[in-house]
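What follows is a single structure, written as structure tokens, with notes after it.
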Amino acid sequence: MKNSIYNILCVIFALFIFNFSLLIPYCMCQWVQVSNGIGNLYVSSLAYSGNNIFAGIGPEYYTGVYISTNNGSTWTQTSISNQSVYSLAVNGNSVFAGTLFYGVFLSTNNGTNWTQTLSNQYVLSLAVNGNYVFAGTYYYGVFLSTNNGTNWTQTSLINDVYSLAVNGNYVFAGTDQNGVFLSTNNGTNWTQTSLTNQRVFSLAVNGNYVFAGTYQNGVFLSTNNGTNWTQTSLNFQSVYALAVNGINILAGTSGFGVYVSYNNGTNWAQRNEGLGNHGVGSFCILNNYIFAGTFNGGVYRRPLGELVAIQPISSEIPNGFSLSQNYPNPFNPVTNLEFGISSAAGGLRFVSLIVYNMLGVEVATLVNDNLNPGTYKYNFDASALTSGVYFYKLVVNGNIIDTKRMVLLK
């Protein structure tokens, strides 16, 4: 009789544990497609105004600009619905759309209405600096408006201008085959920088650091506003998009997905969890999310804090693989996880850093990608998890390196 009661209690307890485990939130850290309303279109440009995100649909598609008012969960087509849109820029309530053959369109009411301001141009890029608006075109170079797009004049730079970036009075123009040009007086005069003989598809500025994404030669970096350039270790990809978040630089590539540098371009890590190798042509950072516009895959979204959480913290290569105790521990809700990747046998390592609850249920995959040998720190935010004991495990090339215990107290 006692054995029967014991067996019944064991079954009840097991069912309780199983059902409880289903209620534990799961934090799969990866890119998630958020293209409801857009589908698998080519999103060549992204921009935001307030909490509104705009997506420009590019080559081969003539469906114009879409808007999302809920962090990309759903999208609706704006009234500019018959254009191929290569570029977007925002200045306050003014949204500019650069189109194929039909120049620049302007909306001052979040896409409800659009007015053509610059006509008969193939506009590849846009940038804004106050009331100054720059439009990079195919063949006819850079056009400038000094009154927020009402009127335009052609500047002295006559070239195919794929990309533009502004830093104060410095304006950088990425061209086809001729590298980067610089204007220090808002487009009145232009000089060619020392980065030449490159097709520059994307530009980004972070203080005195200027990043240039090129065709098949990766990312080049200047630390002195374009005077000198060096090729970074991301050196063979075609880079169509760049974004800056502090010292973190994101590069969107053709065929290789997204790379992230956590130290201003010195080192790069491929971060394609959930994205595959989709080509990425545009980025937008809003409300602690990073949005990626892809080639024929619509829009993907990922928490920015999670993506930039992993950081290389030492240039020294450890002699062996290691997983350190998290700190602080106990924690609420953020803790640091450090691990070392050995250079033994050379080359990249496929690294997984996974968090489990007491029941052995996987609740978060923090790292699941190829990493270079080195020492890394992951800033783990457990806001989505409940208080309790958790375990984190480091796996390298399919081999379990170590597992450690940590305590979340809320």
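Some notes on this structure:
- In this structure, GLY226 qualifies as out of contact with any Cys (no Cβ under 8 Å at 6 or more places or on another chain), at pLDDT below 95 and crowded, with 24+ Cβ neighbours inside 10 Å.
Each row is one residue, and each column tells you yes or no for (1) hydrophobic (A, V, I, L, M, F, W, C); (2) out of contact with any Ser or Thr (no Cβ under 6 Å at 6 or more places or on another chain); (3) within 15 Å of GLY136 (Cα to Cα).
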{"residue": "ASN185", "(1), (2), (3)": "no, yes, no"}
{"residue": "THR188", "(1), (2), (3)": "no, yes, yes"}
{"residue": "ASN197", "(1), (2), (3)": "no, yes, no"}
{"residue": "LEU203", "(1), (2), (3)": "yes, no, yes"}
{"residue": "ALA212", "(1), (2), (3)": "yes, yes, no"}
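- Only listed residue being in a strand (DSSP E or B) and either under 22 Å from ASN169 (Cα atoms) or free of Cβ contacts under 8 Å to residues at least 60 places away in the same chain (or both), chosen from PHE134, PHE101: PHE134
- Among residues that are within 16 Å of the chain's Cα centre (by Cα) and of a type in the set (Phe, Trp, Tyr), PHE220 is not included.
- Some residue of region 382-397 being more than 12 Å from SER322 (Cα to Cα), modelled with pLDDT of 90 or more, among the hydroxyl-bearing types (Ser, Thr, Tyr) and not in a strand (DSSP E or B): yes
- Within region 250-291, being over 15 Å from LEU221 (Cβ atoms), out of contact with any Ser or Thr (no Cβ under 7 Å at 6 or more places or on another chain) and among the polar types (S, T, N, Q) holds for GLN270, ASN272, ASN277, ASN287, ASN288.
- Considered as a group, the residues in region 359-376 that are surrounded by fewer than 18 Cβ atoms within 10 Å (Cβ to Cβ) and at pLDDT 90 or above include one that is nearest to PRO312 (Cα to Cα), and that residue is GLU362.
- Being within 23 Å of TYR300 (Cβ to Cβ), in contact (Cβ under 8 Å) with a residue 12 or more places away in the chain, assigned by TED's automatic domain parsing to the domain that holds GLN116 and in a loop (DSSP other than H, G, I, E, B) is not true of LEU250.
- Any hit, region 107-117, residues being farther than 16 Å from ALA173 by Cα, at pLDDT below 95, under 25 Å from the mean Cα position of the chain (by Cα) and not aliphatic (A, V, I, L, M): yes
- If you check PHE211, PHE201, PHE236, PHE220 for being at pLDDT 95 or above and closer than 22 Å to ILE310 by Cα, only one passes: PHE211.
- Residues being closer than 15 Å to SER44 by Cβ and not in a loop (DSSP other than H, G, I, E, B) - total across region 70-94: 5
- All strands (runs of 3 or more DSSP E) inside region 287-337 with 3 or more residues being over 30 Å from GLU60 (Cα atoms): 310-314
The values are calculated or read from the model by the stated rules, or taken from the named source; none is laboratory data. Predicted model only: the values in this text are computed from it and were never measured. No Cβ is skipped: glycine too gets one built from the backbone with ideal geometry, and neighbour counts run over all protein chains shown.
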